[in-house]
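Read through the structure below, which is laid out as structure tokens, and then see the notes.
Nothing in this text is a laboratory measurement; each read-out follows from the coordinates by a stated rule. All of these numbers come straight from a predicted model, not from anything done at the bench.
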């Protein structure tokens, strides 16, 4: 079992999802200061709150509790970028290939 606290794991999962404390707080209907206190471990979480955090962060309660290993998403921290990738995946095959060709051409200039 990991030596990290629930709050530390909560923070890691939140950051992995590219979410700010303020965004998470808004989604839960609490203040950013309370999310910060949970992450620091100054306030203890009850079971229903662990489940709510897990659901919003697309993680399992077991992951937050340290009972299962953390998932990885390729280290993408920008949630808006992840949403765009999900929308690209919904395009037709032809449109997706066209868009990816444009992106590849643009990125070839960056190297």
Overall form of the chain per C-alpha gyration tensor (a/c, 1.5; a/b vs b/c) = prolate
Between helix 79-89 and the chain: long-axis angle, C-alpha atoms, 0 to 90°, nearest 10 = 50 degrees
Output the Cα-based Rg and Dmax of the range 6-65 in Å, rounding Rg to one decimal and Dmax to a whole number.
-> 9.9, 24
